[in-house]
Amino acid sequence: MDMTRRKFVSGAALGLATTTLSKISGAEPDGEIKKGEMPLIVSTWPFGKASNDAGLKVLQEGGTILDAVEQGIWVTESDVHNQSVGLAGAPNAAGVVQLDSCIMYGPGHKAGSVGAIEGIRHPISAARRVMEKTPHVMLVGEGARMFALEQGLESIEVDTHEKYETWKKKRASEKQPLRKDKNHDTIALLVLGADGNIAGGCSTSGLSGKLPGRVGDSPIIGSGLYVDNDVGAAGATGLGENVMRYCGSFLVVEFMRQGLHPQEACLAAIRRIARQDPRHTELSISFVALDKHGRYGAASSAQGFQYSVTTNSKSEVLTGPGVGNLDIGEVGGNRPKIKP
Ligand code: SD4
């Protein structure tokens, strides 16, 4: 994709109007939908498409954008073939599946989240209950599980021991170390409703083999997900440690607030992180984003990141641009020059 970044950056510096910026950025026409095509649902990875489709159905049947987020994510959380979201996800180093999830609702800037929750089929629902039924934003571990059980959420016992043994054998038989991009895949799902309100959710089993109690970016508001009803929303997938140290999704939304197209905002966040991180070639992070105007995009630290986009008139898997090693500007060169 020809993003003509230099022109874009200088346009941003001049503070040009959003519509002009969109043209200068070279944003592809499919990076924006028309009003009649609303709602817009954007999620990470090709498996997000089934969740998007379920979310769209919820909206078409009169459900709210929060219902669309929650029930859309249920589809991925219930997928027994998905080894990185839900209870079929990969266990931690102790052989236990610990799930992370969060949800945000634009109006009122509401948020709920659960971290390292065990044995609950739909952590996204636990996150929603935290948001709606408690004065808190985040519950973790046993407390989160107890709360979910108290709320009547479905719990499932999984044979984590057997799973861990299988995982260990598979790992030992692999000649190459586990590829980071095979090792963890989160669903982050963003919904722009026909009324202009925005909601989002995020759910994952996190990094396989993680230390027990490790919480990634996915349940952290501003890291794995961020929604600002005046601007847009962003969600992250990848190596959480490389997202949460930078409040990644918040950063993407802030770039959109400055007028960047969602795709440019995702790229700008990855460049910012890469410039600051000495291990920038191994970041393994990706973002998806949408804005209030119905524009959307994604970007990754590597080539070939796929994400799903669904509207009233289409549902498809797209590939976002990757930030090349030579495309990040000077490493550590953030401070003096203020660049996106
Ligand atoms: C984590 N970000 O726990 C999650 C995992 C993930 O794509 O997204 N994988 O670090």
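The values are calculated or read from the model by the stated rules, or taken from the named source; none is laboratory data. As the structure is a prediction and not an experimental result, all values here were calculated from the model. Cβ atoms come from the backbone with ideal geometry, glycine included; neighbour counts cover every protein chain shown. Protein only, heavy atoms only, side chains kept; ligands, DNA and RNA dropped before computing areas. Shrake-Rupley method; radii C 1.70, N 1.55, O 1.52, S 1.80 Å.
Observations on the structure shown:
- In the structure shown, the pairs Lys49/Lys133; Lys35/Lys110; Lys49/Lys314; Lys57/Lys314; Lys57/Lys292; Lys34/Lys314 are assessed against 19 Å; a Cα-Cα span above that value is assigned to Lys49/Lys133; Lys35/Lys110; Lys57/Lys292.
- Packing around the peptides 220-227, 148-155, taken as the average count of other Cβ atoms within 10 Å per residue, puts them in this order, highest first: 220-227, 148-155.
- Overall form of region 37-139 per C-alpha gyration tensor (a/c, 1.5; a/b vs b/c): oblate
- Extension gain (nm, one decimal) between Thr134 and Arg275, 0.36 nm per residue minus Cα-Cα: 46.8 nm
- Radius 15 Å from Cβ of Gly36, net charge of other residues (Lys, Arg +1; Asp, Glu -1): 0
- Shown is the FRET efficiency for Glu316 and Thr64, computed with R0 = 35 Å from the Cβ-Cβ distance and rounded to the nearest 0.05: 0.90.
- Sorting 109-122, 232-245 by their mean Cβ neighbour count within 10 Å, with the most densely packed peptide first, gives 232-245, 109-122.
- Cβ-derived FRET efficiency at R0 30 Å, Arg257 paired with Gln303, nearest 0.05: 0.60
- Cβ-defined net charge surrounding Arg121, 14 Å radius [Lys, Arg +1; Asp, Glu -1]: -3
- Accessible surface area normalised per residue over region 249-329 is 33 Å², counting heavy atoms of protein chains with a 1.4 Å rolling probe.
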